[in-house]
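The values are calculated or read from the model by the stated rules, or taken from the named source; none is laboratory data. Since the model is a prediction, treat every value here as computed from it, not as a measurement. Note: ideal-geometry Cβ built from the backbone for every residue, glycine included; neighbour counts use all protein chains shown. The protein model used for the area step is the full one, side chains on, heavy atoms only, and it has no ligands, DNA or RNA in it. Shrake-Rupley method; radii C 1.70, N 1.55, O 1.52, S 1.80 Å.
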Amino acid sequence: MNSLVDIVIVNYNTKNLLLTCLESIHKHTKESHHIYIIDNGSTDGSVERLARMGRDHLDVISNPRNTGYAVACNQGIRAGQSPFILLLNSDVIVTRNWLTPLLDCMVTDSRIAVVGPKMVNQKGLITGAGIVGTFQNHAPRGFMEADGPGKYETVEDCFSVCGAAYLIRRSLLDTLGLFDENYFFYFEETDYSLNARYKGYRVVYCPNSKIIHLTGQSNKNHEQLRTYFETSEHYFRTKWSHLTSSEI
């Protein structure tokens, strides 16, 4: 049976988080889907554990080393053929009826290239409510605010949405391309969103879907993460330095 959504998860030594994520997908996803796990050279037994799961709708691509997030995402995207692609972090726990609102939002307008949900962490603090601002100055809205009624509950266009759960339209890949593989970690989705908006497409935040994004769990080497962030940010700003419009 052809699936509606390809769910692509990149894993690097997050076996326990990944298993929890997969269990939540299995429990809460009614839409037809196929899961592609791209393992980036894990040494924690992830691949061996996945091999024992034996689910028909799950494929594992095992890399001998850590190729970086963008490269691994592109491997998963190329492996599938479903009309929609959901890039999902392994430290995410999906919830009841999480996918339907994202897909419903996507199909309302053929110009929508990206849709992302509302995300909260294990303490109920917001980790994803749309990235707002401009190319020169953008930031995650409501980051680490306590979630509650009325908090960022409007479906709306944003500069970008958090890459931890990032729904894209396969039919636009010929126009927008894949993730820029010059990014090793960070800014991949920001770059993709900016490219989509630059070419006249929409990036939409959809809080009708809300999922849990466990923060501070997948990589606790903060010095390494800062280096990745600064390197990617420099490349991003250099790549898009030709932009003059503050509206993009």
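What's the ranking of 188-194, 59-65 by average number of surrounding C-beta atoms within 10 Å, highest first?
Details: 188-194: 24.1, 59-65: 14.0.
Order by mean packing, descending: 188-194, 59-65.
How large is the Kirkwood hydrodynamic radius of segment 136-230, in angstrom, based on all distinct alpha carbon pairs? Don't skip to the end; give the middle numbers.
Working: mean 1/r = 0.0653 Å⁻¹.
Mean inverse Cα-Cα distance, inverted, gives 15.3 Å.
In segment 99-148, which trypsin sites (Lys or Arg not before Pro) are in a loop and have at most 15 other Cβ atoms within 10 Å, using DSSP for the loop call? Working shown, then result.
Numbers: sites: Arg111, Lys118, Lys123, Arg141; in loops: Arg111, Lys123, Arg141.
Passing both the DSSP loop test and the Cβ count: Arg111, Lys123.
If Lys and Arg each add +1 and Asp and Glu each add -1, what is the summed charge of the other residues whose beta carbon sits under 12 Å from the beta carbon of Val71? Don't jump to the answer; show the numbers that get you there.
Working: positive: Arg65, Arg78; negative: Asp180, Glu181, Glu188.
Its environment carries a net charge of -1.
Within 10 Å of each candidate Cβ there may be at most 15 other Cβ atoms; applying that plus a DSSP loop requirement, which trypsin sites (Lys or Arg not before Pro) in segment 172-218 survive? Let's see the in-between values first.
Details: sites: Arg197, Lys199, Arg202, Lys210; in loops: Lys199.
Of the trypsin sites (Lys or Arg not before Pro), the ones in loops of segment 172-218 whose Cβ has at most 15 other Cβ atoms within 10 Å are Lys199.
For a quick check, take a GNM of the chain with Cα springs below 10 Å and name the residue from Asp174, Asp44, Asp157 with the largest mean-square fluctuation.
Among Asp174, Asp44, Asp157, the largest mean-square fluctuation in the Gaussian network model of the chain belongs to Asp174.
Under a Cβ-only charge scheme (Lys and Arg +1, Asp and Glu -1), can you give me the dipole magnitude of segment 133-248 about the Cα centre, in debye to the nearest 20?
160 debye
Restricting the calculation to Cα positions, tell me the Rg (one decimal) and the Dmax (whole number) of segment 57-208 in Å.
15.1, 46
Tell me, what % of the accessible area of segment 77-203 is carbon and sulfur with a 1.4 angstrom probe? Don't skip to the answer; put the middle values down first.
Working: 2550 of 5120 Å².
Exposed carbon and sulfur together represent 50 percent of the surface.
Which log10 I(q)/I(0) values, to two decimals, does segment 1-140 give at q = 0.15, 0.17 Å⁻¹ under the Debye formula with one point per Cα?
Log10 I(q)/I(0), no solvent term: -0.82, -1.04.
In the structure shown, do any of Lys15/Lys123; Lys118/Lys199; Lys15/Lys210; Lys27/Lys199; Lys151/Lys239 have a Cα-Cα gap over 28 Å, and if so which? Walk me through the numbers on the way to the answer.
Numbers: Lys15/Lys123 22 Å; Lys118/Lys199 25 Å; Lys15/Lys210 23 Å; Lys27/Lys199 37 Å; Lys151/Lys239 34 Å.
Result: Lys27/Lys199; Lys151/Lys239 exceed 28 Å.
By how many nm would the segment from Leu225 to Arg49 grow when fully extended, if each residue of separation counts as 0.36 nm and the alpha-carbon distance is taken off?
Values: separation 176, 0.36 × 176 = 63.36 nm, distance 2.67 nm.
Extra length available between Leu225 and Arg49 comes to 60.7 nm.
So between Ser171 and His138, what do we pick up on full extension, going 0.36 nm a residue minus the alpha carbon distance? Provide the component values of the computation, followed by the final result.
Working: separation 33, 0.36 × 33 = 11.88 nm, distance 2.77 nm.
That pair, Ser171 and His138, stretches by 9.1 nm at full extension.
Counting only residues 5 or more places away or on other chains, whose amide H sits under 5 Å from the amide H of Val8 once H atoms are built in the peptide plane?
Tyr36, Leu86, Leu87, Leu88
Can you give the calculated 222 nm mean residue ellipticity of the chain, where each DSSP H run of n ≥ 4 adds -39,500 (n - 2.57) and the sum is split over every residue, rounded to the nearest 500 deg cm²/dmol? Walk me through the numbers before you get to the answer.
Numbers: 7 runs with 72 residues, N = 248.
Rounded to the nearest 500, it is -8500 deg cm²/dmol.
From the phi angles alone, apply the Karplus equation (6.51, -1.76, 1.60; θ = phi - 60°) to segment 89-100 and give each ³J(HN,Hα) in whole Hz, x where the residue is Gly or Pro.
6, 6, 9, 10, 10, 7, 10, 4, 6, 7, 8, 3
Using a 4.7 Å cut-off between beta carbons, which cysteines in the chain end up with no partner cysteine at all?
So, Cys21, Cys73, Cys158, Cys162.
Using amide H atoms built in the peptide plane, which far-off residues or other-chain residues are under 5 Å from Leu58 H to H?
Residues meeting the criterion, in which the H sits 1.01 Å from N, are Ile35.
Suppose all protein chains stay in the model; what accessible area per residue would a 1.4 Å probe give for the chain, in Å²?
Working: 11550 Å² over 248 residues.
Accessible area per residue: 47 Å².
Can you compute 3J(HN,Hα) from phi for each residue in segment 56-72, using the Karplus curve 6.51 cos²θ - 1.76 cosθ + 1.60 with θ = phi - 60°, rounded to whole Hz and x for Gly and Pro?
3J(HN,Hα) across segment 56-72, in whole Hz: 5, 9, 10, 10, 10, 10, 10, 8, x, 8, 7, 7, x, 5, 5, 4, 5.
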